[in-house]
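Data block below; observations after.
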C-alpha cells in the first residue's frame, strides 16, 4: 500500500466528513444569527429570513461537495501516487473545491440584498 495514497485519502475523507457534519445544523435551521458559526455575508445579518435561507442553501451545497470529496478520498486509497507528482498535487489541492459552494452561496445570497 502506497503511504502517500493513504495520507491523501485519509485527509480527503476527513475534510469531507467535517464539512458534511458542520453543515447538518445549518441545513436543519438550528443555528440562529451569530458571529461564529454559519455563512456570515453581510446580507445574512439583514434579517432572520435571509440568515436561515442562505445558510440552508449553503449547507445543501456544502454537503453535496463534501460527499464528492469523501468519494474521491476513498477512490484515492486504491491509486498509487508515488511517482505521479501531478496527480498527487491535484488531489492534495482537491479540498479547495469547497470554494465552489461558497461562490454558489454568495451568488444566491445576493437576492436578499435590500433594495435601495
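All of the numbers you see were taken from the coordinates with simple rules; none came from a lab. Keep in mind that what you see is a predicted model, and the values were worked out from it rather than measured. Cβ atoms come from the backbone with ideal geometry, glycine included; neighbour counts cover every protein chain shown.
Using the Kirkwood radius over Cα pairs, work out the Stokes-Einstein diffusion coefficient for the chain at 25 °C and 0.890 mPa s, in µm²/s as a whole number. Show your work: numbers first, answer last.
Working: Rh = 15.4 Å.
Roughly 160 µm²/s, to the nearest whole number.
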In degrees, nearest 10, range 0 to 90: what is the angle between the Cα axis of helix 48-76 and the longest Cα principal axis of the chain? 10 degrees
Label point distance in nm, residue 21-residue 113, each placed 7 Å from Cα along Cα→Cβ: 3.7 nm
If I fit a long axis through the Cα atoms of helix 3-27 and take the longest principal axis of the Cα atoms of the chain, what angle between them do I get, 0 to 90°, rounded to 10? 20 degrees
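Given the -39500 (n - 2.57) contribution per DSSP H run of 4+ residues, what per-residue ellipticity at 222 nm results for the chain, rounded to the nearest 500 deg cm²/dmol? Could you put the intermediate results ahead of the total?
Values: 4 runs with 74 residues, N = 116.
My calculation for the chain gives -21500 deg cm²/dmol from helical runs alone.
Going by how many other beta carbons lie within 10 Å of each one, how would you line up 65, 77, fewest first?
Values: 65 21, 77 15.
Lowest count first: 77, 65.
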The chain: angle of helix 99-109 to the longest principal axis, Cα-based, in degrees nearest 10: 10 degrees
In which sequence would 35, 40, 61 go, from the one with the fewest C-beta neighbours within 10 Å to the one with the most? 35, 40, 61
